[in-house]
Amino acid sequence: MENADVFLGLQDFLERMRQPAAADFVKSIKRFIVSFSNNAPDPERDSAAVQAFFANMEVAFGAHPLWAGCSEEELDSAGEGLEKYVMTKLFTRVFASLPDDVKHDEQLSEKMSLVQQFIRPENLDIKPTFQNETSWLLAQKELQKINMYKAPRDKLVCILNCCKIINNLLLNASNENPPGADDFLPVLIYVTIKANPPQLHSNLLYIQRYRRQSGLVSEAAYFFTNMLPVEAFISNIDAKSLSMEETEFEKNMEFARALLSGLSTDLDGLSGQINQMAGQDQREQNESRHQMLKRDHAIRPKSSEGKRSSKGDQSSITKIPTISELENRGASILLKEDQPSKVFQDYPYMFAHAGDLTINDVENLLNNYKQLVFKYVCLLKGSDGASAAFPFSRSQAQPQQHVETVEKSQDNREIVQNIGKSKLHLQSTTMSTPVNNNRLNAVITEHLKENGTPSLTLN
């Protein structure tokens with residue numbers, strides 16, 4: 001079931017189709033694609049039409065001189081090539097073609113996004129001997145590849161690879177009897193929730209409807225069949241299915257919603273407070289600039305050259321935003337996002353709990369930390385050489401103030417030094433966001449307390 005094999009099968013199929021003897025096949029395939037595309041979506045009818053076409057063409061291949069003397073494997077390879085070619089052409093027409101399927105995908109993905117924030121292997125009664133985060137991560141990555149492909153077989157391979165990793169893990173960890181479905185399904189459910197593969201419902205329907213029937217047998221059929229109850233279980237997941245108290249389950253779901261909604265249930269209220277805070281910073285900065293300009297005017301000559309220089313200095317000053325301003329501006333933009341959680345997709349430990357982390361996470365956390373420090377230093381260097389001292393804890397000394405000035409103006413040095421005084425705070429292990437703001441944290445925390453949502457701290 002390797003993708004390389006089907007690629008060679010497709011290449012062989014296309015080479016045979018280019019031969020003059022295959023002209024009738026080419027016409028039949030093109031005619032079917034055009035006729036099929038002109039009809040309104042009807043999954044049941046569409047599936048029956050595609051399966052009938054594949055079956056008829058496979059019989060025709062076996063009786064045609066182009067495949068004379070070929071083995072069963074070569075004929076099967078021709079069928080794989082036909083499926084890949086036809087379904088790639090029809091993909092946009094048949095995949096998630098009904099609004100109900102699209103809605104189901106969205107609901108299922110939202111359910112997994114929430115549950116994955118607090119689910120533990122123990123909630124699914126997964127035995128400690130079968131718990132292996134490294135293997136689970138590999139299985140998740142295979143499942144997440146499912147939307148990279150258009151052919152039903154290729155999507156099925158993603159599911160098979162995921163299931164094989166899990167199955168091998170269980171076999172290696174089992175010292176006695178071979179693991180059964182009672183051991184396999186809970187792990188597959190856990191891996192699927194953690195992976196949250198895109199459009200899982202539509203992908204399963206697509207494979208079920210358009211995968212050649214002769215290709216959905218034996219091992220492929222067994223593992224694929226296991227995915228169907230997994231989807232049903234996740235869709236209907238509740239406190240009882242996770243061995244939780246109802247109140248605990250609802251509390252966890254509410255907490256997860258708060259995280260995924262950007263730590264706020266009232267974006268307008270928070271945006272107003274942030275704007276007020278940003279406005280106060282702007283007024284303070286304008287007042288400071290006004291005082292500096294007055295001093296500058298008092299010591300500079302009143303020549304035309306001096307006026308031009310003063311204007312030039314004012315222009316250069318207004319082009320230098322402080323780190324605090326950048327933080328406030330970014331926070332305001334983040335709170336206006338439709339789906340703020342997507343912003344943090346590149347930070348896998350953003351919503352992790354201490355109990356989620358294993359020794360295998362150390363390397364990833366270290367790499368994330370190094371990237372974060374690099375971005376932090378680049379940000380400071382880009383702010384006219386502000387200090388690169390890193391505030392690991394509040395007990396450490398204040399950041400150093402090293403400033404490289406372009407001009408000798410004392411006013412400009414004061415402004416650049418103000419940038420160097422801004423501090424970035426990081427959460428040591430469970431977060432990977434590059435910039436946080438103490439004042440913003442206070443606003444968000446106070447807002448969440450007032451609205452009955454669990455208090456969260458960003459730094």
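Throughout, read-outs are computed from the coordinates displayed, never taken from laboratory work. Computed from a predicted model, the values in this text were never measured in an experiment. Cβ atoms come from the backbone with ideal geometry, glycine included; neighbour counts cover every protein chain shown.
Please report the relative contact order for region 1-127, taking Cα pairs under 8 Å with a sequence separation of at least 6, and give it as a percent rounded to a whole number. Don't skip to the end; give the middle numbers.
Details: 56 pairs, mean separation 47.2, N = 127.
The value is 37 percent.
Taking the average, over residues, of other Cβ atoms within 10 Å as the packing measure, peptides 67-74, 244-251 rank 244-251, 67-74 from highest down. Remark on Asn132: its backbone amide H falls under 5 Å from none of the residues 5 or more positions apart or on other chains, H modelled at 1.01 Å from N. Sorting the segments 10-22, 76-88 by their residues' average number of neighbouring beta-carbon atoms within 10 angstrom, most packed first, yields 76-88, 10-22.
Approximating the spin labels as points 7 Å out from Cα along Cα→Cβ, the Glu363-to-Lys240 distance works out to 4.4 nm. Under 1.5 on a/c is rounded, so check that first for region 99-260, then, if it is not, pick prolate when a/b is larger than b/c and oblate when it is not; a ≥ b ≥ c are the square roots of the alpha carbon gyration tensor eigenvalues. It comes out oblate by the Cα gyration axes. Ranked by the mean number of other Cβ atoms within 10 Å per residue, highest first, peptides 121-129, 35-43, 204-212 order as 204-212, 121-129, 35-43. Pairs spanning more than 24 Å between alpha-carbon atoms, out of Lys164/Lys240; Lys27/Lys84; Lys30/Lys145; Lys30/Lys141; Lys145/Lys375: Lys164/Lys240; Lys30/Lys145; Lys30/Lys141; Lys145/Lys375. Taking amide H positions as placed 1.01 Å from N in the peptide plane, with prolines and chain starts having none, which residues 5 or more places from Lys127, or on another chain, fall under 5 Å of its amide H? Counting only residues 5 or more places away or on other chains, the set is empty.
For region 236-242, backbone phi angles converted through the Karplus equation (6.51, -1.76, 1.60; θ = phi - 60°) give residue-by-residue couplings of 9, 4, 8, 4, 5, 5, 9 Hz, Gly and Pro being listed as x.
Karplus-derived 3J(HN,Hα) values for region 245-259, using 6.51 cos²θ - 1.76 cosθ + 1.60 with θ = phi - 60°, are 6, 4, 5, 5, 4, 5, 5, 5, 5, 5, 4, 5, 4, 4, 5 Hz; glycine and proline are entered as x.
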